[in-house]
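Participant: The structure follows.
The values are calculated or read from the model by the stated rules, or taken from the named source; none is laboratory data. Not measured: the values here are computed from a predicted model. Note that we place each Cβ from the backbone using ideal geometry, even for glycine, and neighbour counts take in every protein chain shown. Just so you know, the surface numbers come from the protein's heavy atoms only, side chains and all, with ligands and any DNA or RNA stripped out. Shrake-Rupley method; radii C 1.70, N 1.55, O 1.52, S 1.80 Å.
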Amino acid sequence: SVTGVQTCALPISVDWLPWGEAAFARARAEDKPIFLSIGYSTCHWCHVMAHESFENDAIAALFNAHFVAIKVDREERPDVDRVYMAYVQALTGHGGWPLSAWLTPELKPFYGGTYFPPSDRSGRAGFPTLLQAIARGCRDEREKLVAESERVLGALRDHQAATSAAVEGELAAAAGAAFEQGFNHYFESFDPTHAGFGGAPKFPRAANLDFLFRVAALQGVASEMGAEAVRLATATLRAMARGGIHDHVGGGYHCYSVDERWFVPHFEKMLYDQALITINCLEARQATGDERYAWMARDILEYVLRELAHTEGAFYTAEDADRSEEHTSELQSH
């Protein structure tokens, strides 16, 4: 330049808005569809998609040009997450975070998914291709998109109505059968080699163990069903304690294991997991008298008090996946 001062273009970032009437009004005024991104602070793939796509100048420019972008923390707005997760699951057959959904200005979803890569990969459209296609569809074929939205929402409403009617009409009669079917489900889906239920990825699923301990309490731990329920639950807890899902250095339990052996953890740690697994351990101690389960509970609570307790008395909701991995490495190096 004439002055000798070099200039450079500022990076482009997605113009995120919080969930609320201001964002909805902007979408209506600009006649733009809404892009809704739902995640949470400790989600590894939420960070991956943010770095790959939302911090990419070209992709951010597409978002800003064609959409009103809204970001939601599922831990702050579980009600919003519940609605649009149900839609994505109905549309694609699966769900998870990051959750990505496209909505009309009236908040009706017409397309969605979870993680999208920054470029086309293995026959899967990346964000640039997808954003341009959706923008073109909203411009040229909006009626078809709205009709698809109404179709999926109608199917969800019909399912909810049928479920509610069935529950109201048959709840009392079905309760006993459901109890037995629930136990049979866990018995049949139990992994006899590695414990837990199902294959990879393998989650703690504290509610499963809670149900089994309820079975034992109601049937009696000495009964055939009660003893088997305790066996399934305690075998799972011991396998978790031995495996990599248990942080043997820092204490507590990671969110889940990416393999069926409980060996390789997904490193984030959630406060609610620590609370629920602690209850499982205490109920295992009550059912068996085995002091190992009390040790497991103390290990979790010591971790929570050391790492997740705030100085003013509250608790942090989670420990970030990447921070947890780095923290464990630092402890091992000492």
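Participant: Residues of the chain: accessible area per residue at 1.4 Å, in Å²? Please list the in-between numbers first.
Facilitator: Numbers: 17860 Å² over 334 residues.
Accessible area per residue, the chain: 53 Å².
Participant: Show that you can apply the helix-only estimate: for the chain, add -39,500 (n - 2.57) for every DSSP H stretch of four or more residues, divide by all residues, and state [θ] at 222 nm to the nearest 500. Walk me through the numbers before you get to the answer.
Facilitator: On the way: 11 runs with 180 residues, N = 334.
Dividing the helical sum by the residues of the chain leaves -18000 deg cm²/dmol.
Participant: Counting only protein heavy atoms and a 1.4 Å probe, tell me what percentage of the range 43-154's accessible area is made up of carbon and sulfur. Present the calculation step by step, with values, prior to reporting the outcome.
Facilitator: Numbers: 2880 of 5360 Å².
It is 54 percent, rounded to a whole number.
Participant: Report the one residue of His310, Trp102, His194 whose Cα lies farthest in the direction of the positive end of the charge dipole of the chain (charges on C-beta: Lys and Arg +1, Asp and Glu -1; origin at the Cα centre).
Facilitator: Trp102
Participant: Among Gly113, Asn280, Ile12, which residue has its Cα furthest toward the positive end of the charge dipole of the chain, with +1 on Lys/Arg Cβ and -1 on Asp/Glu Cβ?
Facilitator: Positive-most Cα among the choices belongs to Gly113.
Participant: Give the peptides 132-142, 268-278 in descending order of average Cβ contacts within 10 Å, highest first. Could you put the intermediate results ahead of the total?
Facilitator: On the way: 132-142: 14.1, 268-278: 20.2.
So the peptides 132-142, 268-278, ranked by packing, come out 268-278, 132-142.
Participant: Where does each of 203-215, 282-294, 115-127 land if you order them by average Cβ count within 10 Å, highest first?
Facilitator: Working: 203-215: 20.2, 282-294: 16.5, 115-127: 14.4.
Ranked by mean Cβ neighbours within 10 Å, highest first: 203-215, 282-294, 115-127.
Participant: How big is the dipole moment of the chain about its Cα centre under a simple scheme where the beta carbon of each Lys and Arg is +1, that of each Asp and Glu is -1, and everything else is neutral? Debye, nearest 20, please. Please report the intermediate quantities before stating the final value.
Facilitator: On the way: 29 positive and 46 negative charges, 89 e Å.
For the chain, the charge dipole is close to 420 debye.
Participant: A follow-up question, please. Using a Cα-Cα cut-off of under 17 Å, which lysines could be cross-linked to Lys269, ignoring same-chain neighbours fewer than 8 residues away?
Facilitator: Of all the lysines, those that pass the test against Lys269 - Cα under 17 Å, at least 8 places apart if same chain - are Lys202.
Participant: Right, another one. Using only Cα atoms, find the angle between the long axis of helix 271-288 and the longest principal axis of the chain, and express it within 0 to 90 degrees, rounded to the nearest 10.
Facilitator: 10 degrees
Participant: Over the range 25-159, what is the mean sequence separation of C-alpha contacts under 8 Å (at least six apart), divided by residue count, expressed as relative contact order in percent?
Facilitator: On the way: 194 pairs, mean separation 37.5, N = 135.
Once normalised by length, the contact order is 28 percent.
Participant: Sticking with this structure for a sec: Once the dipole of the chain is set up with Lys and Arg at +1 and Asp and Glu at -1 on Cβ about the Cα centre, which of Leu62, Gly220, Phe24 lies farthest towards its positive end?
Facilitator: Leu62
Participant: List, in order, the whole-Hz ³J(HN,Hα) value for each residue of the range 75-88 obtained from phi through the Karplus relation with A = 6.51, B = -1.76, C = 1.60 and θ = phi - 60°; use x for Gly and Pro.
Facilitator: Those phi angles translate into 7, 8, 10, x, 5, 5, 4, 4, 5, 7, 5, 4, 5, 5 Hz.
Participant: What percent does the relative contact order of the chain come to when contacts are Cα pairs within less than 8 Å and at least six residues apart?
Facilitator: Details: 478 pairs, mean separation 42.3, N = 334.
With pairs under 8 Å counted, the relative contact order is 13 percent.
Participant: Have a look at the chain and give its Rg and Dmax from the Cα atoms, expressed in angstrom.
Facilitator: So, for the chain, Rg and Dmax equal 24.1, 90 Å respectively.
Participant: What are the lysines whose alpha-carbon lies under 30 Å from the alpha-carbon of Lys144, with same-chain residues fewer than 8 places away excluded?
Facilitator: Partners within reach: Lys32, Lys71, Lys108.
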